[in-house]
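The values are calculated or read from the model by the stated rules, or taken from the named source; none is laboratory data. In this text the structure is predicted, and so the values were computed from the model without any measurement. Here the Cβ is made from the backbone with ideal geometry for all residues, glycine too, and neighbour counts use every protein chain on show. Keep in mind that these areas ignore ligands, DNA and RNA; they rest on the heavy atoms of the full protein, side chains included. Shrake-Rupley method; radii C 1.70, N 1.55, O 1.52, S 1.80 Å.
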Amino acid sequence: GEVRIGNALVSATDFFAPVIDRLSRLYPRIVFHVLPSTSDILHRELSARSLDLVIARGGGLFKDEQFGFEVLYDDLFVVLAGAQNPWARRRRIELAELVNEPWALPTLESAVTQAAMEAFRASGLDYPRATVVADFAQVRMSLLATKRFLTIFPASVLRFSTSRPEFKVLPVELPIARVSVGIVA
């Protein structure tokens, strides 16, 4: 048979590679179709039954009663810099110190942006002005290598991927709740 998996998360790619590897060993005739896309497209495809399941953050478009949501893990958000960024050497940083830095941030519609806005508001701060707006994680990660930019990412991006010595999680507290990541069917 075939399994069609929609992927709305950067971290899910590294997360489900071992799952697919294991299942393909147990059931060698299964064909896996992994379709990365935006939540709105995946919502439409899942509703049309063109996908069997979607890996996504809870809430948002997928909180509809027509969908079931099974939590896989809770995710936090972190401020990320390149390892050579001057902020990477600090042991303690207040969020207010970073507001005027060059930021590479996702679009306003992104779940990451919504969580980040909540964190800045909870700290009594305005959301920082983005120097670069890009939903593609690879663009934001590449900008970190310039030693200037900061971004906000789900902690799972670093937890599930291979070692990323070129990135540093900054020691700054983001006062936001955890966001559940799970399987939507």
Taking 22 Å as R0, compute the FRET efficiency from the Cβ-Cβ separation of residue 38 and residue 129 and round it to 0.05. 0.35
If the only charges are +1 at each Lys and Arg Cβ and -1 at each Asp and Glu Cβ, what is the size of the charge dipole of segment 19-76 around the Cα centre, to the nearest 20 debye? 300
Nearest 500 deg cm²/dmol is fine: what mean residue ellipticity at 222 nm does the chain get from its DSSP H runs of n ≥ 4 alone, each adding -39,500 (n - 2.57), divided by its residue count? -8000 deg cm²/dmol
Using only the alpha carbons of the chain, what is the convex hull's orientation-averaged projected area in square nanometres? 11.0
Considering the chain as a Gaussian network with a 10 Å cut-off on Cα pairs, which listed residue, 140, 49, 25, attains the greatest mean-square fluctuation? 25
Å² per residue, accessible surface of segment 40-185 at 1.4 Å: 55
Cα-centred dipole magnitude for segment 88-185, charges only on beta-carbon of K, R (+1) and D, E (-1), debye, nearest 20: 460
Residue by residue through segment 138-148, what is 3J(HN,Hα) from phi via Karplus (6.51 cos²θ - 1.76 cosθ + 1.60, θ = phi - 60°)? Round to whole Hz and write x for glycine and proline. 4, 5, 5, 5, 5, 5, 4, 5, 6, 6, 10
With a 1.4 Å probe and all protein chains kept in place, how much accessible area does residue 168 have, in Å² rounded to the nearest 10? 70
Dipole magnitude of the chain, debye to nearest 20 (Cβ charges: Lys/Arg +1, Asp/Glu -1, about Cα centre): 660
What are the residues whose amide H is under 5 Å from the amide H of residue 103, where those residues sit 5 or more places off or on another chain and H is modelled from the backbone? 131, 132, 150
For segment 87-185, report the translational diffusion coefficient in µm²/s to the nearest whole number, using Stokes-Einstein at 37 °C, 0.692 mPa s, and a Kirkwood Rh over Cα pairs. 229
Relative contact order for the chain: what percent, with Cα pairs under 8 Å and sequence separation of 6 or more? 34
Cα gyration tensor of segment 55-125 diagonalised, 5x eigenvalues square-rooted, in angstrom largest first, produces semi-axes 30, 14, 11
